[in-house]
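Worksheet: the structure to be examined is printed underneath.
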Amino acid sequence: MTGAADIRLLLADVDGTLLTHEKVLTEAARAAARALCDAGIAFAITSGRPPRGMRMLIAPLALNDAIAGFNGGVLVNPDLSVIASHALDPVAAEETLKLMLDQGLDAWVYTQEAWLIRDKDAPHVAREAWTVQFDAQVVPRFTDAQLANAVKIVGISDDYERVAACEKAAQQTLGDKASAARSQPYYLDVTHPSANKGAVVETLSELMHIPTAQIATMGDMPNDVLMFKKSGFSIAMGNSSDAVKAQADAVTDSNANEGFAKAVRRFVLCPAGA
């Protein structure tokens with residue numbers, strides 16, 4: 001583990017970390033991002049959201065570096081031009097969809113351009129559309145062509161134990177053909193094996209010429225643990241599970257109580273000025 005004083009880049013998750021439960025970017029969070037810039041520390045974000053589902057954050061945070069959507073499935077510049085895209089193997093996509101439906105989960109398919117669903121009234125669709133600020137495309141079924149271009153498939157259920165069980169089943173069934181991890185208790189994200197937040201750390205390290213030991217990461221969910229393991233210093237949110245907290249170097253307050261801003265000032269900025 002590097003000393004916090006060596007941090008040159010902070011990579012943060014979005015939902016549950018940077019934003020409140022109500023998906024609000026607080027003024028304290030904005031101020032923390034400005035303080036990072038003033039201190040010469042780069043700031044980047046990664047999320048299971050599609051890139052255009054993060055466009056509303058680009059200007060308020062004055063983001064200048066790569067943005068990692070779909071947990072790294074698609075990396076874009078701040079103007080949303082694509083740097084790199086990783087689609088699922090078509091066979092893995094078909095296996096993923098079958099597994100999710102067989103396990104009793106609903107499923108969404110994301111391509112680089114579209115969010116595809118089967119039922120506009122299904123759980124979490126309206127909330128997700130409000131969050132990402134664009135609507136899904138309703139299709140009667142997912143076609144072979146759509147699955148061949150899938151960058152992320154999401155399994156959805158409000159039965160959290162069912163989602164957790166499906167996560168384990170997907171990891172066992174898909175092996176190294178895909179990355180499967182929960183981005184929320186009710187969402188299971190399956191992406192290309194190179195599309196995970198640990199790979200995001202390594203990619204940003206290469207793009208920005210910053211050693212991974214000088215990258216700090218902050219998140220709240222199991223899919224954030226991979227980036228914890230690849231970075232020099234990791235911070236779990238106070239709203240994380242105990243299992244996630246145990247994988248981090250430090251724990252901050254919850255996203256309901258300015259945990260992001262507090263972590264920036266306590267663990268990133270203060271050591272640098274000490």
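The values are calculated or read from the model by the stated rules, or taken from the named source; none is laboratory data. Bear in mind the structure is a predicted one, so any value in this text is a computation, not a measurement. Here Cβ is always computed from backbone atoms with ideal geometry, including for glycine, and neighbour counts include all displayed protein chains.
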Residues located in the range 219-252, provided they are touching a residue at least 60 places away in the same chain (Cβ under 8 Å) and aromatic (Phe, Trp, Tyr): Phe233
Given (1) without any contact (Cβ under 8 Å) to a residue 24 or more places away in the chain; (2) surrounded by fewer than 20 Cβ atoms within 10 Å (Cβ to Cβ); (3) out of contact with any Asp or Glu (no Cβ under 8 Å at 6 or more places or on another chain); (4) of a type in the set (D, E, K, R), identify the lone condition not met by Glu128. (2)
Can you report the number of residues in the range 149-189 which are touching an Asp or Glu at 6+ places or on another chain (Cβ under 9 Å) and either under 11 Å from Val109 (Cα atoms) or of a type in the set (Val, Ile, Thr) (or both)? 7
What do you reckon, is Glu202 surrounded by fewer than 24 Cβ atoms within 10 Å (Cβ to Cβ) and without any contact (Cβ under 8 Å) to a residue 12 or more places away in the chain? no
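Can you tell me how many residues in the range 148-173 are closer than 20 Å to Val74 by Cβ and touching a strand residue (DSSP E or B) at 6+ places or on another chain (Cβ under 7 Å)?
Total meeting the criteria: 7.
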Report whether or not Val132 is farther than 17 Å from Glu95 by Cα, touching a helix residue (DSSP H, G or I) at 6+ places or on another chain (Cβ under 9 Å) and β-branched (Val, Ile, Thr). yes
Could you list all residues from the range 189-228 that are over 24 Å from Cys166 (Cα atoms) and among the polar types (S, T, N, Q)? Thr203, Ser205, Thr212, Gln214, Thr217
Within the range 59-104, residues buried (at least 21 other Cβ atoms within 10 Å of the Cβ), in contact (Cβ under 8 Å) with a residue 24 or more places away in the chain and assigned to a strand (DSSP E or B) come out as Ala68, Val74, Leu75, Val76
For the range 207-218, enumerate the residues that are in contact (Cβ under 8 Å) with a residue 24 or more places away in the chain and in a helix (DSSP H, G or I). Leu207, Met208, Ala213, Gln214
From the list Val244, Val200, Val225, which one is among the β-branched types (Val, Ile, Thr), within 15 Å of His86 (Cβ to Cβ) and assigned by TED's automatic domain parsing to the domain that holds Ala33? Val200
Of the residues that make up the range 115-125, is at least one of a type outside the set (Lys, Arg), modelled with pLDDT under 95 and over 17 Å from the mean Cα position of the chain (by Cα)? no
Tally of residues being in a helix (DSSP H, G or I), buried (at least 16 other Cβ atoms within 10 Å of the Cβ) and within 18 Å of the chain's Cα centre (by Cα) across the range 149-170: 2
Identity of the residue in the range 235-259, surrounded by fewer than 24 Cβ atoms within 10 Å (Cβ to Cβ) and of a type in the set (S, T, N, Q), that ends up farthest from the chain's Cα centre (by Cα): Asn257
